[in-house]
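What follows is a short report on a single structure.
Every number in this text was worked out from the coordinates using simple rules, so none of it is lab data. Just so we're clear, the structure is a prediction, and the values are computed from it rather than from any experiment. Ideal geometry is used to build each Cβ from the backbone, glycine not excepted, and the neighbour counts take in all protein chains shown.
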Amino acid sequence: MTGLLSVRDLRVGFGAHPEDNEVVHGVSFDLGPGETLAIVGESGSGKSVTAMAINRLVDFGGGRITGGQIEFAAGDGSVSDLARAEENMLETIRGREIGMIFQEPMTSLNPVLTVGTQIEEVFRLQHGMTRADARIAAREALERVRIPDAARRLTYAPHQLSGGMLQRVMIAIALAGNPRLLIADEPTTALDVTIQAQILGLLAELKRDTDTGMIFITHDIGLVAGFADRVMVMQEGRVVEQGPLDRVLDAPEHPYTRHLLEAVPHFSDGKSARRDGARGGGARTALDVEGLSVRFPVRSGLLKRHSGNVHAVEGVSFDLMRGETLGIVGESGSGKSTTARAILGLETPARGRIETGDAGEAGRPVQMVFQNPNASLNPRLTVEQILAEPYIAVGRRIDADARARMAGLLERVELPQGSLARYPHEFSGGQRQRLCIARALMLNPSVLVLDEAVSALDVSVQARVLDLLVDLQKEFHLAYLFVTHDMAVVERIAHRIAVVFAGQIVEIGPTAEVLANPRHSYTRQLIAAVPSLERRHSAFSVDTSAIPSLVRPVGWEPAPVPWAEAGADHRFRAEG
Amino acid sequence: MSYPLRRLLVFPLVMLGVSVFVFIAIRLVPGDAITAMLGTESGLLTPAQREALTAYFGLDQNWFVQFWRWLSRVLQGDLGISTTYGKPVMTIILEHFPLTLELAVLSMLIAIGIGLPAGIFAATRKDKPSDMAVRVIAMVGQSTPGFVVGLLLIFVLSVGFGVLPQMGTFVPLTEGISRNLAQMILPALTLGTAFAAAVIRISRSAMLDILREDFVRTARSKGLSRRRVIWRHALPNALIPVVTLSGVEFGYLLGGAVLVEQIFALPGLGRVVLDAIQQRDYALVQGSVLFIAFNFMVVNLLVDLAYAALDPRIRFETK
């Protein structure tokens, strides 16, 4: 073995009889120092299990290595087979030789310990430092991942930091032991796109400056295009293709690789926006929002005095036609979901007007599809009961007509016949989201609010659900309010885009216009942060500027920001 | 204003509520204090004598006047005179409370000292024989009534082996630590058994939940030893339900453990309250219930402060 890591015919199973319940079936690959391998695959492909078999964290999740070798060259030159290593030996490998970054920074740090403690313990364990030295080293580690004001941040508990900050802390922890191999398991999936760009920038910098080998696990092949050397595509526990990055991306050999490359929506600066616009002669308005503001009171002191307001949504105006999709994009905390909730009547607006074009046949013209189909379906109800609920809510009888509608909608969203008597857990994630869509359509609404409705789905499932949404839109003349953080998805589905920043729309217009010709600085920042295959050789910069606070004193009113016209129907907020 | 201070402001309100409730409840019990106090001899009283006694204890007034008089004395630190003992209620409580407090503390030490390590041990060996054994012991410990455990302990240790004096006149802690502990160990074990069983069960399940958390996986990925992962990373997160349970149990124990005091002939607060109810000793019932309620609130406050110390996400100021 000449490289850093050599995995041969790795097999991993779970449960009491791991041989019979194998999820990784003979995976082989090599990694050299300073090299980055991207493992790409959808959920259930075995990519995370493969990675966690290397430092044997898979043991703690009930997994067993049932075959193969994992040869790893440690810093002292010794080569050992981690597949057969004892737990005592593995403890000397983890952290010191192999560092790991996880998907969910919010849950991957201990909530009761300060971030300082969690970084320092690695320095103390792996480098034998004293408490005082470890503290200095931890501060330097935070500075290395560009956390401003590092000395003070060391004393913070994880809940006091944002997701992007926490992921940087995770990287600082993983790097604290000076590992020769870094495993990053979907390190940016839970983060906003601008924060994602910063994390990718940090990892690319690390790759440039050190000879740390890296395994980057992702479901998004476009994400790793910027800095991976080699790509390995996995499907159902097997490697279907691996090779140098450019070869795999430009000349994929396996049909599944080609399928993945096609299924992943690639952001293309507005070039793939929809051309079937619904505006123009005779279009009916489905939704008209004028000057919407939603504020949450901040109370403080003994008497819970009303001391200020969170201006979650401030002066949002837009209209939406039948048969049209408006994409609302922005980062978490920007107010996109609050806007959606206010339109559904789930939040009381502080001011503003929300009008729907049609009252709808049941007086409920707006319906909603939520992000997580697992959490938004009651596991104790059958599909029939789930679909009946909108009817019950408006006081309708479940008669033959209602049943016919259920059956018709199920067929329309391509769920199998005979689904009515089954329970949600019997369906896959994509099928469950179809079920949620069918439920939302029961009352024949004119507007569907889709709040990150495809974000939790695998890319190929996501593509099919998006196709279904487009078909349904044409058939029922539906208006979609599509809330998302994913620029590539919104480019495909939306006719128009509203960019939301700090509670306000900063730019709104036709998708192709806004994405090809962004006028507001935040829109530009957002677009620049989207990774794409075409831009694979451009580097991400690490920006550490913070989002402004939305808490304002009582009685505060925003200064009116004038709109500037950038073309027909394309407006943006003037910047000072 | 800080959270503990705000909580202290609520104390008087709760105490007032408890007072009103107890005041009415005890008077709704049939029978009167004078009859109960004198027993069969109460038949020998002349109506005038009975009236004089009733007036002496202030029982001739209507309930509002009685409550007002009692309350205004309580506010001056005077809980009144017991009809059965003929002594100030406060003196009686202070005589019996040290024993109850000692019993509660010993039981809790036993419960946590045995229960917490056993629960963690079982959680880290989930579904192995040792985990099964701990779970069976916890189940038996929790479902066996305290008096059965107590009687069994007396029989095995005192009668069977002749070790440990089981009864006799109670020796307070201040008059001989070893003699006191010899008397207290059996009742403390009796109370501690069920308490420990509950702690085992709750700490085991809390620990199992925490061990599945992402941050435990992170801790392992750092190369930390198994011991440090469990004690430094998992345990502080698993302690909150244990603290909740222990606080509630400890609060109950401060109100006295009637059954165990009875079995081991210990003059604790539980028996005082029981006797006071039987004797319609209004002042003693009211005074001791007020005292117990106060203790309970203090324990609850300490539990809340423990939460904040354990978990930085719990910040009372922002609530």
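A few remarks follow.
- Legend: mean number of C-beta atoms from other chains within 10 angstrom of residue C-beta atoms, peptide A:159-165, equals 1.
- log₁₀ of I(q)/I(0) at q = 0.24, 0.28 Å⁻¹ - segment A:90-138, Debye sum with one point per alpha carbon: -0.99, -1.09
- For A:Gly26, the residues whose modelled amide H falls within less than 5 Å of its own, excluding neighbours fewer than 5 places apart on the same chain, are A:Leu10, A:Arg11, A:Val12.
- Taken residue by residue and averaged, Cβ atoms of other chains lying within 10 Å of the Cβ of A:109-119 number 5.
- Mean separation of Cα pairs under 8 Å and 6 or more residues apart, divided by the residue count, gives chain B a relative contact order of 28 percent.
- Backbone N atoms of segment A:1-41 closer than 16 Å to the 7 Å Cα→Cβ label point of A:Ala74 belong to residues A:4-6.
- One Cα centroid belongs to segment B:266-319, the other to segment A:239-275; the line between them spans 67 Å.
- Going from the residue with the fewest nearby Cβ atoms within 10 Å to the one with the most, A:His17, A:His485 rank A:His17, A:His485.
- Set of segment B:126-154 residues, backbone N closer than 20 Å to the point 7 Å along the Cα-Cβ line of B:Arg212: B:126-129, B:131-132, B:135
- A Förster radius of 35 Å, combined with the Cβ-Cβ distance separating B:Arg7 from A:Ala421, puts the computed FRET efficiency at roughly 0.10.
- Maximal additional length on extending the B:Ala25-B:Ile177 stretch stands at 50.7 nm, based on 0.36 nm per residue less the C-alpha distance.
- When the Gaussian network model of chain B links Cα atoms closer than 10 Å, the mean-square fluctuations of B:Gly113, B:Gly192, B:Gly223 top out at B:Gly223.
- Residue-count net charge about A:Met368 - beta-carbon cut-off 10 Å; Lys, Arg +1, Asp, Glu -1: +1
- Shown in residue order for segment A:316-326 are the 3J(HN,Hα) couplings computed by the Karplus curve 6.51 cos²θ - 1.76 cosθ + 1.60 at θ = phi - 60°: 8, 10, 6, 10, 9, 8, 4, x, 10, 10, 10 Hz (x for Gly and Pro).
- Helix-only CD estimate at 222 nm, as mean residue ellipticity for the protein assembly as shown, using -39500 (n - 2.57) per DSSP H run (n ≥ 4): -14500 deg cm²/dmol
- Between helix A:459-476 and chain A: long-axis angle, C-alpha atoms, 0 to 90°, nearest 10: 0 degrees
- Among the chymotrypsin sites (Phe, Trp or Tyr not before Pro) in segment B:105-202, those placed in a DSSP loop whose Cβ has at most 10 other Cβ atoms within 10 Å are B:Phe161.
- Set of aspartates and glutamates with alpha-carbon distance to A:Lys474 below 14 Å, sequence-local pairs under 8 removed: A:Asp276, A:Glu324
- Sorted peptide list for B:302-309, A:332-339, criterion being average Cβ within 10 angstrom, highest first: A:332-339, B:302-309
- Counting other Cβ atoms within 10 Å as a rough exposure proxy, the listed residues A:Phe370, B:Phe264 run A:Phe370, B:Phe264 from fewest neighbours to most.
- Distance between the C-alpha centres of segment B:95-142 and segment A:201-217: 49 Å, rounded to the whole angstrom.
- Tail beyond 42 Å, pair distance distribution of the protein assembly as shown (Cα, percent): 52 percent
- Summed side-chain charge close to A:Arg64 - residues other than A:Arg64 whose Cβ falls under 14 Å, Lys, Arg +1, Asp, Glu -1: -2
- Proximal charge balance of B:Ser107 [Cβ under 13 Å; K/R count +1, D/E count -1]: -3
- Shielding by partners, peptide A:94-105 (average Cβ within 10 angstrom, other chains): 3
- 3J(HN,Hα) from dihedral phi, segment B:84-91, Karplus parametrisation 6.51/-1.76/1.60, rounded to Hz, x for glycine, proline: 7, 8, x, 10, x, 4, 4, 4
- Global form of segment B:89-318, assessed from the alpha-carbon gyration tensor, a/c cut-off 1.5: oblate
- Inter-centroid distance (Cα atoms) of segment A:304-352 relative to segment A:39-83, Å: 45 Å
- Legend: calculated FRET efficiency, A:Ala559 to A:Arg238, from the Cβ-Cβ distance at R0 = 51 Å, rounded to 0.05, equals 0.30.
- Inter-label distance, nm, simple model (7 Å from Cα along the C-beta direction), B:Tyr56/A:Arg208: 9.7 nm
- Entries in A:Lys47/A:Lys207; A:Lys271/A:Lys336; A:Lys207/A:Lys336 that, when Cα-Cα distance is taken, lie over 26 Å: A:Lys207/A:Lys336
- Working ranking of peptides A:245-253, A:73-81 by packing, defined as the average number of other Cβ atoms within 10 Å per residue, highest first, is A:245-253, A:73-81.
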